[in-house]
1. Return the carbon/sulfur percentage of the accessible area of the chain, one whole number, probe 1.4 Å, all protein chains in place.
2. What number comes out for accessible area per residue over the chain if the probe is 1.4 Å? Units Å², please.
3. How much length is gained on full extension from GLU96 to LEU11, taking 0.36 nm per residue of separation minus their Cα-Cα distance?
4. When the label point is put 7 Å from the Cα of GLU54 along its Cα-to-beta-carbon vector, which residues of the range 3-35 have a backbone N closer than 18 Å?
5. What helices in the chain pass both tests, a Cα length along the helix axis of 15 Å or more and a mean Kyte hydropathy of -0.5 or higher, using whole DSSP H runs?
6. Between ALA42 and HIS125, with labels modelled 7 Å along Cα→Cβ, what's the label distance in nm to one decimal, could you check?
7. Let me check the size of the range 2-150 from its C-alpha atoms; what are the radius of gyration and Dmax in Å?
8. Please report the spacing between the Cα centers of the range 1-64 and the range 88-159 in Å, no decimals.
Amino acid sequence: MTLATAGCDGLPDARIVLLKSYDERGLVFFTNERSAKGMQLAENAQAAVVLHWESLCRQVRARGAVQPIDPVESDAYFARRPRGSRLGAVASRQSEPLSDRETLLLEVDAATTRFEGRPVLRPSHWRGFRLVPVAFEFWRGGGYRLHDRIRFTRCDAGWTSGRLYP
């Protein structure tokens, strides 16, 4: 999904992240808290996401507050990731300047050596976040740009819905 965040400067930033899970509480993704998105979420714990299926002419948008998930959930997901992905998460200083690719590969090699014969535990700065939606919009493409748009908005009684012009 595309995740859009903004720090205290208000300048939006968007990137693709893996939607790892969802339930009645919201949409879950994982990242390094020290990354650009992690720092932006620390400054402004709100975000928007877009899931787009071009071949189906469908799109879902959501926006709301973002909360860190329980560390136990983060540990459980991290432990299920491939070992190489866990080593990469340990070695990478995500979003920091990198002089050359060789430096990154040397850091991955160092992490591989350090965890030889041992489990790769989740770094404390790598965790899951949950977007708690206050609004969803479901979009279905239509001919001549006459798309269908339905918006659901959270309210005290649950959710209200309404149709929008394309």
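The values are calculated or read from the model by the stated rules, or taken from the named source; none is laboratory data. Bear in mind that the values here come from a model prediction, so they are computed numbers and not experimental data. In this analysis, Cβ positions are derived from the backbone assuming ideal geometry, glycine residues included, and neighbour counts consider all displayed protein chains. These accessible areas exclude ligands, DNA and RNA; they are computed on the full protein's heavy atoms, side chains included. Shrake-Rupley method; radii C 1.70, N 1.55, O 1.52, S 1.80 Å.
1. Details: 5820 of 10620 Å².
Here it works out to 55 percent.
2. About 64 Å² of surface per residue is accessible.
3. On the way: separation 85, 0.36 × 85 = 30.60 nm, distance 1.86 nm.
Full extension of this stretch gives 28.7 nm more.
4. Inside the label zone: 3, 15-17.
5. Numbers: long enough: 101-114 (20 Å, -0.17).
Helices meeting the span and hydropathy rule in the chain are 101-114.
6. Once both label points are built, they end up 0.8 nm from each other.
7. Spelled out, the Cα radius of gyration and Dmax of the range 2-150 are 17.9, 60 Å.
8. After rounding, the separation between the Cα centres reads 8 Å.
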